[in-house]
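> Encoded as structure tokens, here's the structure I'll be asking about.
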Amino acid sequence: MEANILNFLKKITKVERGQKVVLGIDGLSRSGKTTFVRNIKQYIHDKSILICILHIDDYIVERKRRYNTGNEEWYEYYSLQWDVEWLKENLFKRLKKINELDLLTYDYSSDTQKSQKVIVPDTCLIIIEGVFLQRKEWRHFYDFMIYLECSREKRFNRESIGTRNNIGKFEKRYWKAEDHYMKIVSPMEQADLVIQN
């Protein structure tokens, strides 16, 4: 890892006994968030710090609540893909207060949400990874935020060939939602650290 990233990680991994530190890893689709979190996990492992990793995509809602709703496709992706208020109340507000979260996790095979218990140790680094993490409803729950910047062209080329063949979906759904997020939230300006990825 680069020196500035390592220095930042040294700062945020000074987790005191009884303290929970929440780190957000924000970035648009295919910007390398999951890989980056794996690298952080390896770095943390060497420091003997407990870590709790949450992927925001694990908490999306059923298809009927986010497709063919009568809204524009980009709005469905940005505003309906997750139950933003439910996650605010049941995930974000409780993260530092209790040790056991009861979260609704999405099961892709059955297109249903299932209850899952997530254990959050008294002393740990909590990493939340995903898109649109800095939306106004969630932003103030993080102690630190890293934003991974990656060009649309590079991100699109990371998709499978089959996925790239459906460019209309990107134009109507994903890219418009991303543009909306960049315009109204300004995630790069809000983040504590921006990494070109």
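The values are calculated or read from the model by the stated rules, or taken from the named source; none is laboratory data. Quantities reported herein were computed from a predicted structural model and do not represent experimental measurements. Glycine also receives a Cβ, built like all others from the backbone with ideal geometry; neighbour counts cover every protein chain displayed.
> Sort through 76, 89 and tell me the only one that's among the acidic types (Asp, Glu), touching a helix residue (DSSP H, G or I) at 6+ places or on another chain (Cβ under 8 Å) and either assigned to a helix (DSSP H, G or I) or within 28 Å of residue 159 (Cα to Cα) (or both).
76
> While we're looking at this one, here's another question. Can you name the residue in segment 2-14 that is part of a loop (DSSP other than H, G, I, E, B) and over 21 Å from the mean Cα position of the chain (by Cα) and, of all such residues, is modelled with the highest pLDDT?
If we take residues in segment 2-14 being part of a loop (DSSP other than H, G, I, E, B) and over 21 Å from the mean Cα position of the chain (by Cα), then 14 is modelled with the highest pLDDT.
> Consider residue 133 carefully, then state whether it is surrounded by 13 or more Cβ atoms within 10 Å (Cβ to Cβ) and closer than 30 Å to residue 17 by Cβ.
Against the criterion (surrounded by 13 or more Cβ atoms within 10 Å (Cβ to Cβ) and closer than 30 Å to residue 17 by Cβ), residue 133 qualifies.
> Select from segment 155-174 the residues that are of a type outside the set (A, V, I, L, M) and without any contact (Cβ under 8 Å) to a residue 40 or more places away in the chain and list them in ascending order. Break it down into steps so the answer makes sense when it comes.
Step one: list which residues in segment 155-174 are of a type outside the set (A, V, I, L, M), which gives 155-160, 162-166, 168-174.
Within segment 155-174, 157, 160, 162, 163, 164, 165, 166, 168, 170, 171 qualify.
> Residues in segment 75-91: is at least one touching a residue at least 60 places away in the same chain (Cβ under 8 Å), loosely packed, with under 13 Cβ neighbours inside 10 Å and out of contact with any Pro (no Cβ under 9 Å at 6 or more places or on another chain)?
No: zero hits.
> So residue 69 fits all but one of (1) surrounded by fewer than 18 Cβ atoms within 10 Å (Cβ to Cβ); (2) at pLDDT 85 or above; (3) polar (S, T, N, Q); (4) touching a strand residue (DSSP E or B) at 6+ places or on another chain (Cβ under 9 Å); what number is the exception?
Answer for residue 69: the failing condition is (4).
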